[in-house]
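Working notes for the structure below.
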There are 2 protein chains.
Amino acid sequence: MAPGTEGRDEESPAGHPSYVLNPHLSTIKEDILYHFNLGTASHDLPAMFGDVKFVCVGGSPWRMKSFIQYIAGELGLGDPKAEYPNFCEGTDRYCMYKVGPVLSVSHGMGIPSIAIMLHELIKLLHHAKCSNVTVVRIGTSGGIGLEPGTVVVTKQSVDAKFQPQFEQVILGKTVIRPTDLDEELAQELLQCSKEIDEFNTVIGNTMCTLDFYEGQARLDGAFCSYSEKDKLNYLNEAYSAGVRNIEMESSVFASMCKLSGLRGAVVCVTLLNRLEGDQLTSPHEVLVNYQLRPQKLVGYFIKKQLQKSN
Amino acid sequence: MAPGTEGRDEESPAGHPSYVLNPHLSTIKEDILYHFNLGTASHDLPAMFGDVKFVCVGGSPWRMKSFIQYIAGELGLGDPKAEYPNFCEGTDRYCMYKVGPVLSVSHGMGIPSIAIMLHELIKLLHHAKCSNVTVVRIGTSGGIGLEPGTVVVTKQSVDAKFQPQFEQVILGKTVIRPTDLDEELAQELLQCSKEIDEFNTVIGNTMCTLDFYEGQARLDGAFCSYSEKDKLNYLNEAYSAGVRNIEMESSVFASMCKLSGLRGAVVCVTLLNRLEGDQLTSPHEVLVNYQLRPQKLVGYFIKKQLQKSN
């Protein structure tokens, strides 16, 4: 048994390590992936998704659609201006696109939203008998002490107290799960950024919060009970703890990758430097350009990996 | 000073109680409601939204679009088959529609996603100088011990340990906020359901979780470390604590309504009885019909309120 696969569903054929850790799943006749509007009885998941090797996930459905167009062009697998079908078109919860071995899935905003998606994605990869899958979250974030537009590859996701852990509540009890990501993968992504040589990328800790305003010490929410000095003290403490950016999904992403045995990375561009402000005042086209950076980096990485394996 | 308005932004003119609690806001020259793609400099918010008296929010963008069409027809303010403009069309984070005094806004899934929306909604109502606003979340949920299709109007939102509280993390410290909703409003909604006389409605506690699978004791997630017996024990304990349904947004909704002084209610239909299963196996058209019930109930309520005030 490969290390880290203990306790996984024993139904998986040899060579296809299962990503699920749930003995009940094999007793279910039909598994409905409700929020994808897909299911094992209604869809031939191995035929549809069996060749997936890379899954890119991001909050915005529009961005994940444009990513599949971009990657189609980069890999020479399709017209970057073509319309690609949305596999989740029967629902408005998530969208999902595919080109060759690359799947692109939206996850909405915040830990609960991405967690629902990841549960169903991991089951999808399991039902489709996928193996050797790498999952990368490409997102946006607030930076701390970085030039806006810098890309951060996450070393560890930390909570609002700067602890590298995710608290999962199960049957009313809190279970602590680790949130470190694949170090080798992070280094490979950093190397890709050097080769592209178009924007700065750093490896750092990412703080993952449950709230965008009070939870990230912003002064511009509907409620604010602290001063600008309190805010800056907190953000400087975060910087001292190795935090380079703040977003809202990385902790559960990291913990679920680790638990399932999926190789995972979080690649987020910083849209502003939180030590200098709270609102996104950069011109629209500048922000749009920044948002292309994680997809450019991950596109380059995927292309390089596929060239290596050919 | 009216009770409950202590500490609110003093800029508000008399007679327009401000919903915000943030002294910094009045010092900001331009407030960008980033996730709505609206702002105080780019839009005339009082002209666009000053007459809003009812805000209905729900997770699904499609449902909130169909709600505005439904309410347009019900109130005789527009064609229920017409296309209504999306005020957030420049972003894919949320969608927002308006007919007369009714605003319909989507909020995605989970506490963080609805919290971002509510911060920006409360600021929008403040900037637009709205007053006497009622906010209702119309959603879907898993029921406990109820016939599927039953509508639950929330008395208190409770956490996974059945406590009526929401833990907001501010500058790394946990602040406990209450989660009870407007009792009179809940009773009015119950009365409306009796008058409609088409489906069952009950008042009960709603458990709000951060996760759909492990967090709600489901056996069909990617991970599951407990038995069916453990699951049923937990759900039965919840029932004993007065919980009648489970969803993922009510706690922060209730706490933010209370803090801002907005009159708020949570009206969710139960799509299944969790004591009997985890997956949504009812036919599609049955589920679609169930999802119309909260909007029918709230539509009836709004119509009745408007008739009263005329």
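Read-outs throughout are calculated quantities, based only on the coordinates presented, and are distinct from any laboratory measurement. Since the model is a prediction, treat every value here as computed from it, not as a measurement. Note: ideal-geometry Cβ built from the backbone for every residue, glycine included; neighbour counts use all protein chains shown.
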Quiz item: When each copy gets a label point 7 Å from Cα toward the beta-carbon at B:LYS81, what are the spacings between them in nm, shortest first?
Solution: 3.6
Quiz item: For the protein assembly as shown, what is the mean residue ellipticity at 222 nm derived from helices alone (per DSSP H run of n ≥ 4: -39500 (n - 2.57); sum divided by total residues; nearest 500 deg cm²/dmol)?
Solution: -10500 deg cm²/dmol
Quiz prompt | For B:VAL286, inter-copy label distances in nm, listed shortest first [label point 7 Å out on the Cα-Cβ vector] | solution = 5.6
Quiz prompt | Residue list for region A:19-49, given a label point 7 angstrom along the Cα-to-Cβ vector of A:TYR84 and an amide N cut-off under 15 Å | solution = A:49
Quiz item: In region B:59-155, which trypsin sites (Lys or Arg not before Pro) fall in coil by DSSP and have 11 or fewer other Cβ atoms within 10 Å?
Solution: B:LYS81
Quiz item: Amide H to amide H, which residues 5 or more places from A:GLN165 or on other chains are under 5 Å from it, using H placed in the peptide plane?
Solution: A:ASP159
Quiz item: So how compact is chain A: Cα radius of gyration and Dmax in angstrom?
Solution: 19.3, 58
Self-check item: Set of region A:86-101 residues, backbone N closer than 11 Å to the point 7 Å along the Cα-Cβ line of B:HIS284
Solution: A:89-91
Practice problem: Report, as a whole number in µm² per second, the diffusion coefficient that Stokes-Einstein gives for region B:18-98 at 25 °C and 0.890 mPa s using the Kirkwood radius over alpha carbon pairs. | Solution: 170 µm²/s
Quiz item: For chain A, which span is the longest to avoid every loop-located (per DSSP) member of GluC sites (Glu not before Pro) having at most 16 other Cβ atoms inside 10 Å?
Solution: A:90-197
Self-check item: Using a Förster distance of 51 Å, the FRET efficiency for B:SER131-A:ASN132 (Cβ separation, nearest 0.05)
Solution: 0.30
Exercise. Along Cα→Cβ, 7 Å out, is where each label goes; now give me the distance between the ones at A:MET48 and A:THR174 in nm to one decimal.
Key: 3.9 nm
Quiz prompt | Angle in degrees between helix B:61-74 and the longest Cα principal axis of chain B, rounded to the nearest 10 | solution = 70 degrees
